[in-house]
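S.K.: Sharing a structure with you now.
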Amino acid sequence: MKNLEILNLVRENIKTLKPYSSARSEFSGLDKELIFLDANENPFENSINRYPDSYQFQLKSKLSNLKEISIENIFLGNGSDEIIDLIIRAFCEPKSDRIITLPPTYGMYDVLAKINDVENVKVLLDREFQIDTFEILEKMSKQTKLIFICSPNNPTGNLMDKEDVKFVLENFNGLVIIDEAYIDFSMSDSWIKEIDNYTNLIVLQTFSKAYGMAGIRLGVCYSNKQIIEILNKIKPPYNINQLSQNKAIDVLENLDKIKKQLIDIKISREILLQELKTLKFVKKIYPSDSNFVLIKVDDANKRYKQLIDNRVVVRNRNTEPLCTNCLRITIGTGIEMEKLVRIFKEMEI
Ligand SMILES: *Cc1c(COP(=O)(O)O)cnc(C)c1O
């Protein structure tokens, strides 16, 4: 259990901010009988001539049912990246506050911290790519407002140990953001269920990976009501466009299709893992709870170029800490994986 006073963590200028009140948030457009002359829109109907619902009620209702969580605990962003940016902006005073990230991990935490002029204190994962809780205790200070934990982690692919995450939640007097972009590829439960137990917990998910909707840019944030209210206060009024809201609702109404795709992806992942074991230039295969596999090879730059010559693009993570000579391979279709394995076998010769 953790009970932090969230308002004490908010930046002073955000605390006192009076948010922009948009026409559509003052009077939402669900009732078709009303005559809307308040937002200077073109009145001729084409299904998107009106501004979208600022608070995405219909879409959040679907998510609320699916995740068994109240609408008040959901915030939507133009990709998770927008949400991460808003969290940093709401809680971190530029030039004085800090965040902690756990490399090797998702690169956007660092970029968004830099854009906001907030120092990113890096605490490397340990040899097993797990959290170094002792080092986090050492590195945190009064100025540390946020800790980002990515689980399953990108680019390493593994879940973070639950007890370590709990330790951070319990011992850190700031917000803990658990990025679950890849949770649907794992067998683990989401941390969403713990939101009532830890007032400092924020869970991020996305439509970009398992849901197959990277193109609509939709990230989801689950947290307590207070934190959601702060994010609502500072978000751009119409940050989720109408087309994205419609598409997201479509996918949530057809989740059977996604579930079948997830089974396919997991099968392809297991086949690829087996095949990788037979390759001599592959020195290490890291276990994966996600839709990608991290491997250590003899020479990452050389193997990366060979793959490009064979018209296959993977992610070269060679320069990331603890990832020397590592390549990250996304799981594609069965046919794409067969082609990849054939190319790998030719590269052996
Ligand atoms: C891909 C990814 C995301 C998704 O970001 P979006 O902006 O929602 O597309 C978030 N976190 C991690 C760790 C990722 O790898």
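S.K.: Got a sec? Which of ILE227, ILE240 is within 16 Å of the ligand (Cβ to nearest atom), of a type in the set (A, V, I, L, M) and surrounded by 20 or more Cβ atoms within 10 Å (Cβ to Cβ)?
M.R.: Answer to the check: ILE240.
S.K.: Evaluate the following for GLU128: is it away from the ligand (no atom under 15 Å from the Cβ) and either open to solvent by 10 Å² or more (accessible area, probe 1.4 Å) or not aliphatic (A, V, I, L, M) (or both)?
M.R.: yes
S.K.: Counting only residues that are more than 20 Å from LYS145 (Cα to Cα) and among the basic types (Lys, Arg), which one in the stretch 164-210 is nearest to the chain's Cα centre (by Cα)?
M.R.: Filtering first and then ranking leaves LYS209.
S.K.: Does the stretch 227-234 contain any residue that is part of a helix (DSSP H, G or I) and among the basic types (Lys, Arg)?
M.R.: Yes, there is a match, as at least one residue in the stretch 227-234 is part of a helix (DSSP H, G or I) and among the basic types (Lys, Arg).
S.K.: Would you be able to tell me the number of residues in the stretch 208-223 that are at negative phi and part of a loop (DSSP other than H, G, I, E, B)?
M.R.: The number of residues fulfilling the criteria is 7.
S.K.: Within the stretch 63-81, how many residues turn out to be of a type outside the set (A, V, I, L, M), within 16 Å of the ligand (Cβ to nearest atom) and not in a helix (DSSP H, G or I)?
M.R.: Within the stretch 63-81, residues that are of a type outside the set (A, V, I, L, M), within 16 Å of the ligand (Cβ to nearest atom) and not in a helix (DSSP H, G or I) number 4.
S.K.: Let me ask you something else. Report, by residue number, each residue of the stretch 47-62 that is crowded, with 20+ Cβ neighbours inside 10 Å and assigned to a helix (DSSP H, G or I).
M.R.: Once the filter is applied, which keeps residues that are crowded, with 20+ Cβ neighbours inside 10 Å and assigned to a helix (DSSP H, G or I), the stretch 47-62 yields LEU59, LYS60.
S.K.: Continuing with this model, one more query. It is to be established whether one or more residues within the stretch 286-299 are open to solvent by 50 Å² or more (accessible area, probe 1.4 Å) and more than 24 Å from GLY107 (Cα to Cα).
M.R.: So far as the stretch 286-299 goes, yes, one or more of its residues are open to solvent by 50 Å² or more (accessible area, probe 1.4 Å) and more than 24 Å from GLY107 (Cα to Cα).
S.K.: Looking only at the stretch 52-60, decide whether some residue is over 16 Å from ILE240 (Cβ atoms) and either more than 16 Å from the ligand (Cβ to nearest atom) or touching a residue at least 12 places away in the same chain (Cβ under 8 Å) (or both).
M.R.: no
S.K.: If only one of ALA39, ALA23 is free of Cβ contacts under 8 Å to residues at least 24 places away in the same chain and not β-branched (Val, Ile, Thr), which one is it?
M.R.: ALA39
S.K.: Here is a follow-up. Need the failing condition index for SER190 against (1) open to solvent by 50 Å² or more (accessible area, probe 1.4 Å); (2) farther than 24 Å from SER54 by Cβ; (3) away from the ligand (no atom under 12 Å from the Cβ), just the number.
M.R.: (1)
S.K.: Within the stretch 95-125, count every residue that is part of a loop (DSSP other than H, G, I, E, B), closer than 19 Å to ILE14 by Cα and either open to solvent by 50 Å² or more (accessible area, probe 1.4 Å) or without any contact (Cβ under 8 Å) to a residue 12 or more places away in the chain (or both).
M.R.: Residues meeting the conditions: 3.
S.K.: List pairs: first in the stretch 196-215 and more than 9 Å from the ligand (Cβ to nearest atom), second open to solvent by 40 Å² or more (accessible area, probe 1.4 Å) and part of a loop (DSSP other than H, G, I, E, B), Cβ under 8 Å, 6+ apart or cross-chain?
M.R.: Once the first residue is more than 9 Å from the ligand (Cβ to nearest atom) and sits in the stretch 196-215, its partners that are open to solvent by 40 Å² or more (accessible area, probe 1.4 Å) and part of a loop (DSSP other than H, G, I, E, B) give ASN197/MET1; TYR198/MET1; THR199/ASN3; ASN200/ASN173.
S.K.: Hey, another quick one. When residues of the stretch 235-275 are filtered for being outside any helix (DSSP H, G or I) and either at pLDDT below 95 or not aromatic (Phe, Trp, Tyr) (or both), how many remain?
M.R.: 7
S.K.: Which pairs do you get when a residue that is at pLDDT 95 or above and among the β-branched types (Val, Ile, Thr), found in the stretch 166-188, comes within reach of a residue that is assigned to a loop (DSSP other than H, G, I, E, B) and more than 12 Å from the ligand (Cβ to nearest atom), reach meaning Cβ atoms under 7 angstrom, with the pair 6+ apart or on two chains?
M.R.: These pairs meet every condition: VAL168/ILE131; VAL176/ASN200; ILE183/SER190.
S.K.: Okay, moving on. Filter the stretch 141-182 down to the residues that are aliphatic (A, V, I, L, M), open to solvent by less than 30 Å² (accessible area, probe 1.4 Å) and away from the ligand (no atom under 11 Å from the Cβ) and list them by number.
M.R.: Of everything in the stretch 141-182, those that are aliphatic (A, V, I, L, M), open to solvent by less than 30 Å² (accessible area, probe 1.4 Å) and away from the ligand (no atom under 11 Å from the Cβ) turn out to be LEU146, ILE147, MET160, VAL165, VAL168, LEU169, LEU175, VAL176.
S.K.: Yes or no: VAL203 open to solvent by less than 10 Å² (accessible area, probe 1.4 Å) and in contact with a helix residue (DSSP H, G or I) (Cβ under 6 Å, 6 or more places away or on another chain)?
M.R.: yes
The values are calculated or read from the model by the stated rules, or taken from the named source; none is laboratory data. Since the structure is predicted, the reported quantities are computational estimates derived from the model, not experimental observations. For neighbour counting, all protein chains shown are included, and Cβ atoms are generated from backbone atoms with ideal geometry for every residue, glycine included. The accessibility values were calculated without ligands, DNA or RNA, using every heavy atom of the protein model including side chains. Shrake-Rupley method; radii C 1.70, N 1.55, O 1.52, S 1.80 Å.
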